[in-house]
């Protein structure tokens, strides 16, 4: 397997696992947890789910730009040689990373603290912030996947 095959595989797998994890959490686990669990149990569940998922997201946040830039500069000849879809992917990707970093260092940290001290209204407020940020990042991630998959086939107008 070539270096390029490894880099593109890591890039795609990182994107799919991050976006897929957000989709599962936001669209599947969230409604079920809200229906079946009382707030203290639900908030404890989310603190634990995020504590297990977020280390993976940190790995993806490192692998995505590292593999993407490595491909752009070693295979394609730099940012000036790639199509608009790569620039869109890059810009939206950095926005996702920044949103994730805010989520991790602010609402998630406060969620964990509120769960430990059993301040359920505060924990609920922080979980709602996380839900909103994850929802935005999920939409951005789906958009990036669509741009990445089909962007190179878009022809510039004459």
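The values are calculated or read from the model by the stated rules, or taken from the named source; none is laboratory data. For clarity, every value in this text was computed on a predicted model and none was experimentally measured. Here Cβ is always computed from backbone atoms with ideal geometry, including for glycine, and neighbour counts include all displayed protein chains.
Hey, does segment 55-68 have a residue that's outside any helix (DSSP H, G or I) and exposed (fewer than 14 other Cβ atoms within 10 Å of the Cβ)?
Taking segment 55-68 first, the residues outside any helix (DSSP H, G or I) are none.
Scanning segment 55-68, I find no residue that is outside any helix (DSSP H, G or I) and exposed (fewer than 14 other Cβ atoms within 10 Å of the Cβ), so the answer is no.
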Original post:
Do we have residue 59 as within 27 Å of residue 5 (Cβ to Cβ) and modelled with pLDDT under 95 here?
Top reply: no
Subject >> Subset of segment 28-54 [loosely packed, with under 15 Cβ neighbours inside 10 Å and touching a residue at least 60 places away in the same chain (Cβ under 8 Å)] >> reply: 39, 40, 51
Original post:
Is it true that some residue in segment 61-83 is closer than 17 Å to residue 133 by Cα and within 21 Å of the chain's Cα centre (by Cα)?
Top reply: yes
